[in-house]
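Data first, discussion second: the structure below is written as structure tokens.
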Amino acid sequence: MDINSLPAIVTGGSSGLGEATARHLASLGAKVTIFDLNAERGAIVAAEIKGHFEKVDVTNEANVTAALDNAEKKHGAARILINCAGIVVGSKTVGRDNIPHSLESFSQAININLIGTFNVIRLVSARMAGLEELNEDHERGVIINTASIAAMDGQIGQAAYAASKAGIVGLTLPVARDLSRFGIRVCTIAPGIFITPMMSSLTEEVQDALGAAVPFPSRMGKPEEYAQLAQQICENRMLNGEVIRLDGAIRLAPR
């Protein structure tokens, strides 16, 4: 797939991995629409990359549908979807004083990270399926989701987060198979320890310690490296139904 001039949607595109990906796709000539709840920051990023912004709750069908309509009017129907929207929830299954994990926070993680991702996938892919083929392989589009190495190496206190990301890992192959007849590819990136707004709030000492745990390169990943992999997935048509760890060979310890 040649990214230049193609309409793209990046959820969670106002910060972190999503922002880096939105900027990178725009630098390659894509017409990028950012979906995010942070309207102030999202509008700034969209303006800087000459893209478009829509305030979107990925769990809300009507909201996503309306945003897709607006994005299509602005740039045309999306050929690229990058799902980066998500939240982090940290809580033990049973905490201090034998207090059980909040069911509300567990449900929130599943709802936003997993159900929100699938909601956008299903609504975007239904539109992609009716588009003209792009090349001799009958390709119509590509969808890239964001999981986490916590899906495989979940640490203490990560039950909700790990479960939500494991769900994304689990849907990757069946959704890729579902959409194969339409020429739509589906892959998932599982990042390791990356520099994100949450990580940037930690002290430099803590950040250095986290980076030192990565075998090679011994540092935290850069959002731009996630964006580079997203580009490579878009461009390499044989990448389909795959979950790719982007983690410098780290395997998370229990805590």
Taking the stretch 99-133 and the residues there that are assigned to a loop (DSSP other than H, G, I, E, B) and crowded, with 16+ Cβ neighbours inside 10 Å, the one that is nearest to the chain's Cα centre (by Cα) would be Leu131
Of all residues in the stretch 193-207, which are outside any helix (DSSP H, G or I) and either in contact with a Ser or Thr (Cβ under 7 Å, 6 or more places away or on another chain) or in contact (Cβ under 8 Å) with a residue 60 or more places away in the chain (or both)?
Phe194, Thr196
Can you tell which of Ile149, Ile144, Ile121, Ile115 is at pLDDT 95 or above and under 19 Å from Glu235 (Cα atoms)?
Ile144
I need every pair where a residue in the stretch 69-81 that is farther than 25 Å from Thr188 by Cβ has its Cβ under 8 Å from the Cβ of a residue that is part of a strand (DSSP E or B) and of a type in the set (Val, Ile, Thr), sequence separation at least 6 or different chains.
Lys74/Thr33
Residue selected from the stretch 213-255 under the condition of a type in the set (S, T, N, Q) and either assigned to a helix (DSSP H, G or I) or in contact with a Pro (Cβ under 7 Å, 6 or more places away or on another chain) (or both), by the criterion surrounded by the most Cβ atoms within 10 Å (Cβ to Cβ):
Gln231
Could you tell me whether any residue of the stretch 196-206 is crowded, with 17+ Cβ neighbours inside 10 Å and closer than 15 Å to Ile82 by Cβ?
no
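The rows are residues; the columns are (1) acidic (Asp, Glu); (2) crowded, with 22+ Cβ neighbours inside 10 Å; (3) more than 18 Å from the chain's Cα centre (by Cα); (4) modelled with pLDDT of 95 or more.
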| site | (1), (2), (3), (4) |
| --- | --- |
| Val10 | no, yes, no, yes |
| Leu17 | no, yes, no, yes |
| Ala22 | no, yes, no, yes |
| Leu25 | no, yes, no, yes |
| Leu37 | no, no, no, yes |
| Ala47 | no, no, yes, yes |
| Phe53 | no, yes, no, yes |
| Asp57 | yes, no, no, yes |
| Val64 | no, yes, no, yes |
Name the residue, out of Leu210, Leu173, that is surrounded by fewer than 21 Cβ atoms within 10 Å (Cβ to Cβ), in contact (Cβ under 8 Å) with a residue 60 or more places away in the chain and not basic (Lys, Arg).
Leu173
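The values are calculated or read from the model by the stated rules, or taken from the named source; none is laboratory data. Small disclaimer: the values here were computed from a predicted structure and weren't measured. Neighbour counts are summed over all protein chains in view; Cβ atoms, including those assigned to glycine, are modelled from backbone coordinates with ideal geometry.
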